[in-house]
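**Q** Mind having a look at this structure? Questions to follow.
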């Protein structure tokens, strides 16, 4: 019997091309859910590139019809799937504090959740897929589908970019917030940490992140002009676009740009650029606000100011807390000046500028505390222990400990500062990643897609044509064949 594959296709589009080449490799029935805007939808409604057995457009299923939510259904759904829907809703950027255009009522949120739950249940019951193939969940609704599939025993295949090598990828059955169960050597072994550190530096990951914003500036004017002269139907069809009149969007974009510049000047003036050599300190890297890793990965730790306050309360005498701003903070409008002032008011805290290379900090720190970021893994490469506040892919390393509750933080910090850790399992972790990953530069493909279709990522509601798709395939077919081949292996191995 043919296996059934359900693809989640968002504006990145890579899963659309992935589906095309997987279909060419294995005999299977394939289905798709599109999470895209109205203009690209016109193309995908009639496209002939991929032969899907059936397709749905996610936002067609969600109506703003002012229906009173069915509380009994939502309660039974939560019990059936073991999901706390308010946790998902409260941390959804479109529903709460990050939405600059529309204030959702509780009934509107619950009505949307009800429609989403019923839609996903209907699709999964109708096709009974064997596999869900999707990107790392980014919003509450794709995360909801992921959780449902896991609960129903549907294998989920997600692409992951390893922290150590951005030119390779893995295909995981879990998201970023599930510890990797990698085999550890029974005996200690010598590890060449200098080589690992040099490898980390050679990838120039930090510099690449810093330059992301610069690469899109040349396309911004074209994106603005395209937006001004385009239709604005999404405001009625997509709840994520509610309230986004063109005038509001343009004004808010301008205001964000001005605020970003003002906030940057404050950060530039009040941050430290050099790491003193005579201080003992604990390092805490800030996450970008409105970031998936905190909203989905660590929903109870999204208030980073409160997290930092609790860390400072728990530190032993003689240590300072070095807090570094995210290198991509300028991608939006920056952090509020009031938040910087709050940080600067804390005793024993130094605010580190986002331009400072984190590897220089890792060399000198005594301990890393991170909510869920990759800094805890990078700390192990520099023979430094770390505390994470929620599970992450590298949580099983000897030198990484997960905080169970803030009442234990003081004693945990003291233990981490005094305990001698065996870092040799870093090599085991690295070997596991190398063995189970394959050569595929996801960021290169993402950038090519973004530049080819979306004005460098500045505007996604674009009109797509066959010519545009075929031109892109001429550039990237070889890359996607590598990706689809690895997915096909995973699928075949799961069947056998």
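The values are calculated or read from the model by the stated rules, or taken from the named source; none is laboratory data. Everything quoted here is computed from the prediction, not taken from an experiment. We place every Cβ from the backbone using ideal geometry, glycine too, and count neighbours over all the protein chains shown.
**Q** Among residues belonging to the range 217-244 that are more than 26 Å from residue 57 (Cβ to Cβ) and touching a helix residue (DSSP H, G or I) at 6+ places or on another chain (Cβ under 6 Å), point out the one that is surrounded by the most Cβ atoms within 10 Å (Cβ to Cβ).
**A** Once the filter is applied, the top-ranked residue is 219.
**Q** Could I ask something else about it? Regarding residue 338, is this residue surrounded by 19 or more Cβ atoms within 10 Å (Cβ to Cβ), farther than 22 Å from residue 280 by Cβ and out of contact with any helix residue (DSSP H, G or I) (no Cβ under 8 Å at 6 or more places or on another chain)?
**A** No: the conditions fail for residue 338.
**Q** Has the range 277-291 got any residue that is in a helix (DSSP H, G or I) and either modelled with pLDDT under 95 or not assigned by TED's automatic domain parsing to the domain that holds residue 379 (or both)?
**A** No, the range 277-291 contains no residue that is in a helix (DSSP H, G or I) and either modelled with pLDDT under 95 or not assigned by TED's automatic domain parsing to the domain that holds residue 379 (or both).
A quick yes/no check of all residues on (1) modelled with pLDDT of 95 or more; (2) outside the structural domain of residue 242 (by TED's automatic domain parsing); (3) under 23 Å from residue 477 (Cα atoms); (4) buried (at least 19 other Cβ atoms within 10 Å of the Cβ):
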position: 29; (1), (2), (3), (4): yes, yes, yes, no
position: 32; (1), (2), (3), (4): yes, yes, yes, yes
position: 45; (1), (2), (3), (4): yes, yes, yes, no
position: 102; (1), (2), (3), (4): no, yes, no, no
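**Q** Quick check: anything in the range 320-332 part of a helix (DSSP H, G or I), at pLDDT below 95 and in contact with a helix residue (DSSP H, G or I) (Cβ under 7 Å, 6 or more places away or on another chain)?
**A** yes
**Q** Scan the helices (runs of 4 or more DSSP H) fully inside the range 34-137 and keep the ones with 2 or more residues being farther than 23 Å from residue 462 by Cα.
**A** Passing ranges, in order: 71-81, 85-90, 106-127.
**Q** Shifting gears a bit: Under the condition of being buried (at least 18 other Cβ atoms within 10 Å of the Cβ) and assigned to a helix (DSSP H, G or I), which residue from the range 457-475 is nearest to the chain's Cα centre (by Cα)?
**A** So the residue we want is 457.
**Q** If I go through the range 292-307 residue by residue, how many of them are farther than 11 Å from residue 370 by Cβ and part of a helix (DSSP H, G or I)?
**A** Counting residues in the range 292-307 that are farther than 11 Å from residue 370 by Cβ and part of a helix (DSSP H, G or I) gives 6.
**Q** State whether one or more residues within the range 140-162 are at pLDDT 90 or above, touching a helix residue (DSSP H, G or I) at 6+ places or on another chain (Cβ under 8 Å) and surrounded by fewer than 16 Cβ atoms within 10 Å (Cβ to Cβ).
**A** Looking through the range 140-162, at least one residue is at pLDDT 90 or above, touching a helix residue (DSSP H, G or I) at 6+ places or on another chain (Cβ under 8 Å) and surrounded by fewer than 16 Cβ atoms within 10 Å (Cβ to Cβ).
**Q** Looking at 483, 448, can you tell me which residue is within 26 Å of the chain's Cα centre (by Cα), closer than 30 Å to residue 29 by Cβ and assigned by TED's automatic domain parsing to the domain that holds residue 129?
**A** Just one listed residue meets the conditions, 483.
**Q** Taking the criterion of being assigned by TED's automatic domain parsing to the domain that holds residue 416, under 30 Å from residue 195 (Cβ atoms) and either touching a residue at least 24 places away in the same chain (Cβ under 8 Å) or out of contact with any helix residue (DSSP H, G or I) (no Cβ under 8 Å at 6 or more places or on another chain) (or both), would at least one residue in the range 308-319 satisfy it?
**A** Step one: filter the range 308-319 for residues assigned by TED's automatic domain parsing to the domain that holds residue 416, giving 308-319.
Cutting the leftovers down to under 30 Å from residue 195 (Cβ atoms) gives us none.
No, every residue in the range 308-319 fails to be assigned by TED's automatic domain parsing to the domain that holds residue 416, under 30 Å from residue 195 (Cβ atoms) and either touching a residue at least 24 places away in the same chain (Cβ under 8 Å) or out of contact with any helix residue (DSSP H, G or I) (no Cβ under 8 Å at 6 or more places or on another chain) (or both).
Per-residue answers, yes or no, for (1) surrounded by fewer than 24 Cβ atoms within 10 Å (Cβ to Cβ); (2) part of a loop (DSSP other than H, G, I, E, B):
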{"site": "376", "(1), (2)": "no, no"}
{"site": "383", "(1), (2)": "yes, yes"}
{"site": "392", "(1), (2)": "no, yes"}
{"site": "395", "(1), (2)": "yes, yes"}
{"site": "398", "(1), (2)": "yes, yes"}
{"site": "407", "(1), (2)": "yes, no"}
